[in-house]
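Colleague: Pasting a structure here, questions to come.
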2 protein chains.
Amino acid sequence: MEQKRSDIIANQIEELIFDGTFSDGERLDEVQLSERFAVSRTPIREALLRLAQSGLVAHYPRRGVFVRQPGPIELIEMFEVMAELEATCARLAATRISDAAIDELKATNARCNAAVQDSDTERYYRENEQFHAILYRESGNSFLEQECLRLQRRLQPFRRTQLRLRGRLKQSMKEHEQIVSALVEGDGQAASDTIRSHVAVQGEKFHHLMSRLKTAAE
Amino acid sequence: MEQKRSDIIANQIEELIFDGTFSDGERLDEVQLSERFAVSRTPIREALLRLAQSGLVAHYPRRGVFVRQPGPIELIEMFEVMAELEATCARLAATRISDAAIDELKATNARCNAAVQDSDTERYYRENEQFHAILYRESGNSFLEQECLRLQRRLQPFRRTQLRLRGRLKQSMKEHEQIVSALVEGDGQAASDTIRSHVAVQGEKFHHLMSRLKTAAE
DNA sequence: AATATCCCTGTTGTATACAAAAAAGTTGAC
DNA sequence: GTCAACTTTTTTGTATACAACAGGGATATT
């Protein structure tokens with residue numbers, strides 16, 4: 001299952017948007033991109049169409065594609081949906097999760113903690129995402145899992161800034177442990193509620209996200 | 001905001017899959033399609049790529065695209081997610097819905113009933129979908145609304161067969177009214193629970209869906 | 001007869017060529 | 001000098017041409 005060139009290009013353009021090379025509202029010129037990637041316009045167009053479908057760029061027919069970063073309102077909305085989807089995963093997982101997966105969660109949490117000790121933020125992000133990914137899988141619903149992974153990927157850059165909030169790391173780790181405990185006890189309601197507030201943007205997290213958006217816009 | 005030719009073609013191909021012209025597993029030949037629609041392969045390819053992203057066809061690189069109807073397990077999974085998304089909509093709507101929207105829901109329900117009286121199933125389907133669409137909108141979360149509409153569209157053909165279950169129409173209408181009542185009283189929990197079981201595939205609905213799938217496969 | 005290799009055909013993926021529409025630039029009128 | 005209409009240029013959307021790969025079948029070898 002090798003991927004096409006246009007798929008690779010789509011991921012690379014996505015990366016360029018995430019790391020700020022292409023900023024919000026900027027027009028993505030097909031010819032320029034085709035020169036940059038040393039291919040013809042065809043695979044570039046296919047890549048851009050894919051990104052347009054995922055919502056990362058807006059495609060105005062006969063006018064071009066433009067980078068489309070979510071504004072504050074849309075971001076809150078997306079986090080709200082993410083929180084609900086993950087809450088559903090947790091609730092379902094509470095009755096469906098396997099013992100092996102519980103161990104996996106604990107091990108991932110341990111690696112998270114280790115990363116915090118080593119101040120290895122990059123590794124922390126990875127392990128944190130892994131923790132959530134395990135939950136998606138243990139929902140026992142592959143479709144739900146895929147949807148969660150899709151949205152997680154889309155929110156990834158913003159979730160990362162969220163974790164930079166002072167003291168958030170420790171709090172986040174504690175919540176992870178609460179989630180695992182709830183799952184062990186099969187308490188779907190508790191697991192669900194905990195992860196919902198774990199993911200949702202509210203209180204101090206809200207203000208932090210807003211200020212992050214402002215500085216990113218300059 | 002006019003749409004491109006490839007968008008129109010994508011919708012038409014989608015229709016052809018829904019109405020059974022192209023059956024599950026069938027390979028969609030780019031040249032044949034380009035002849036059928038009297039265009040070149042380019043817009044056909046763009047349409048197929050879009051359908052592949054939405055999950056309606058599977059795209060195996062260098063081998064072609066194949067119609068990919070969800071199997072029983074995936075269908076149940078999709079309905080489970082749909083039920084959860086709609087439950088979330090209802091819970092949020094309970095605190096956010098406007099009086100005007102309540103009236104809209106009641107009016108739509110009335111038209112639903114009228115359609116039942118006239119045995120106008122097509123109109124019933126439309127009004128039913130409209131009822132749910134209003135709920136999505138009144139969640140006050142545009143992103144959630146879009147996700148719901150996307151999944152609703154994908155499940156549309158299967159939801160319709162669901163409603164053919166004997167006595168299901170009357171039961172469905174009663175549930176609609178219960179949902180409206182719960183919203184009027186601002187009882188998010190009740191609205192949420194009611195719509196979850198309204199949408200979910202369980203009990204008798206499960207067997208009905210299974211038998212439908214079997215006959216459709218022949 | 002069975003199997004492996006090679007060639008041929010068909011199909012996808014990519015590049016290029018062309019058409020149509022929008023944006024930009026220029027000229028002219030007031 | 002400003003604004004409007006026309007022309008030029010740029011850019012997207014579509015068609016066609018070409019290249020690379022996969023699949024099938026024929027042939028040859030064991």
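The values are calculated or read from the model by the stated rules, or taken from the named source; none is laboratory data. This is a predicted model, so every value here is computed, not measured. Counting neighbours? That spans all protein chains shown, and the Cβs are built from the backbone with ideal geometry, glycine included. Each accessible area value is taken on the protein alone, full model and side chains, heavy atoms only, with ligands, DNA and RNA left out. Shrake-Rupley method; radii C 1.70, N 1.55, O 1.52, S 1.80 Å.
Colleague: Could you sort A:4-13, A:117-126 so that the peptide with the highest average Cβ count within 10 Å comes first and the rest follow in order?
Modeller: By packing density, highest mean first, the sequence is A:4-13, A:117-126.
Colleague: What does the copy distance list look like for B:SER98, label position 7 Å along Cα→Cβ, in nm and ordered from shortest?
Modeller: List, nearest first: 5.0 nm.
Colleague: I'd like the antiparallel share, as a percent to the nearest 5, of DSSP beta bridges with both residues in the protein assembly as shown.
Modeller: Roughly 100 percent of the beta bridges in the protein assembly as shown run antiparallel, per DSSP.
Colleague: Distance between Cα centroids, the stretch A:34-105 to the stretch B:36-86: provide it in whole Å.
Modeller: Their Cα centres are 17 Å away from one another.
Colleague: Let me ask another. Across the residues of B:141-153, average count of Cβ atoms on other protein chains within 10 Å? Intermediate results must be reported in sequence, preceding the final value.
Modeller: Values: counts 8, 4, 13, 5, 2, 3, 6, 1, 0, 0, 2, 0, 0.
Shielding by partners across B:141-153 averages 3.
Colleague: So if I take the alpha carbon set of the protein assembly as shown, get Rg, then get Rh from the Kirkwood formula, what is the Rg over Rh ratio? If you can, show how the numbers build up before the last one.
Modeller: Values: Rg = 23.0 Å, Rh = 23.7 Å.
Rg/Rh for the protein assembly as shown comes to 0.97.
Colleague: Per the Debye formula with a single identical scatterer at each Cα and no solvent contribution, what log10 I(q)/I(0) holds for the stretch A:5-67 at q = 0.21, 0.23 Å⁻¹?
Modeller: -0.76, -0.93
Colleague: Solvent-accessible area of B:LYS106, probe 1.4 Å, all protein chains present, reported in Å² to the nearest ten, please.
Modeller: Rounded to the nearest 10, the figure is 110 Å².
Colleague: Here's something else I'd like to know. Given Cα pairs under 8 Å that are at least 6 residues apart, what percent is the relative contact order of chain A?
Modeller: 23 percent
Colleague: To continue, here is another question. Measure off 7 Å from each Cα along the Cα-to-Cβ vector at A:SER40 and A:GLN12, then give the distance between these two points in nanometres to one decimal.
Modeller: Each label point lies 7 Å from its Cα, and together they span 1.8 nm.
Colleague: Return the average number of partner chain Cβ atoms within 10 angstrom of each residue Cβ along peptide B:77-86.
Modeller: 5
Colleague: A follow-up question, please. In whole Hz, what ³J(HN,Hα) sequence does the stretch B:132-148 give by Karplus (6.51, -1.76, 1.60; θ = phi - 60°), x for Gly and Pro?
Modeller: Those phi angles translate into 5, 4, 4, 4, 4, 4, 6, 5, x, 10, 4, 5, 4, 4, 4, 4, 4 Hz.
Colleague: Calculate one ³J(HN,Hα) per residue across the stretch A:50-65 by plugging θ = phi - 60° into the Karplus curve 6.51 cos²θ - 1.76 cosθ + 1.60, and present them in order as whole Hz with x for glycine and proline.
Modeller: Values, residue by residue: 5, 5, 5, 5, 7, x, 6, 10, 9, 10, 9, x, 6, 10, x, 10 Hz.
Colleague: If you don't mind, another one. Please compute, for peptide B:40-48, the average count of beta-carbon atoms on other protein chains lying within 10 Å of each residue's beta-carbon.
Modeller: Numbers: counts 0, 0, 2, 0, 0, 4, 3, 0, 0.
For peptide B:40-48, the averaged partner shielding equals 1.
Colleague: Heads up, I need the accessible area for B:ARG36: 1.4 angstrom probe, whole protein in place, Å², nearest 10.
Modeller: Probe radius 1.4 Å; accessible area of B:ARG36 about 130 Å².
Colleague: Can you pull a Stokes-Einstein diffusion coefficient for the stretch A:115-156 at 25 °C (0.890 mPa s), Rh from Kirkwood over Cα pairs, as a whole number of µm²/s?
Modeller: The Stokes-Einstein estimate is 224 µm²/s.
Colleague: Listed highest first by mean packing, meaning other Cβ atoms within 10 Å per residue, what order do A:83-91, B:150-158 come in?
Modeller: Descending packing order for the listed peptides: A:83-91, B:150-158.
Colleague: What nm distances, shortest first, do you get from the label point of B:ILE73 to those in the other copies when the point sits 7 angstrom along Cα to Cβ?
Modeller: From this label point to the equivalent ones elsewhere in the assembly: 4.2 nm.
Colleague: With the Cα gyration tensor of chain A in hand, give its eigenvalues times 5 under a square root as the equivalent ellipsoid semi-axes, listed largest first in whole angstrom.
Modeller: Over the Cα atoms of chain A, the semi-axes work out to 34, 20, 16 Å.
Colleague: Here's something else I'd like to know. For B:GLN178 and B:GLN156 in the same chain, what is the full-extension length gain: residue separation times 0.36 nm, less their Cα-Cα distance, in nm?
Modeller: 5.7 nm
Colleague: Here's something else I'd like to know. Residue of A with Cβ nearest the axis relating A to B, plus distance in whole Å?
Modeller: A:GLN53, 2
Colleague: At 222 nm, what value in deg cm²/dmol follows for the protein assembly as shown if DSSP H runs of at least 4 each add -39500 (n - 2.57) and the sum is divided by all its residues, to the nearest 500?
Modeller: Using -39500 (n - 2.57) per qualifying helix, the result is -24500 deg cm²/dmol.
Colleague: At the nearest 100 Å², what buried accessible area, both sides summed, do you get for B and A when the probe is 1.4 Å? List each step's numbers first, then the result.
Modeller: Details: alone 12300 and 12280 Å², together 22090 Å².
Approximately 2500 Å² gets buried when B meets A.
Colleague: Computed over the Cα atoms of the stretch B:51-179, what is the ratio Rg over Rh, Rh following Kirkwood?
Modeller: 1.03
Colleague: Taking θ = phi - 60°, what integer Hz values does the Karplus form 6.51 cos²θ - 1.76 cosθ + 1.60 yield along the stretch B:37-43, in sequence order, with x for Gly and Pro?
Modeller: Per residue, the Karplus-derived 3J(HN,Hα) values read 9, 6, 9, 7, 5, 4, x Hz.
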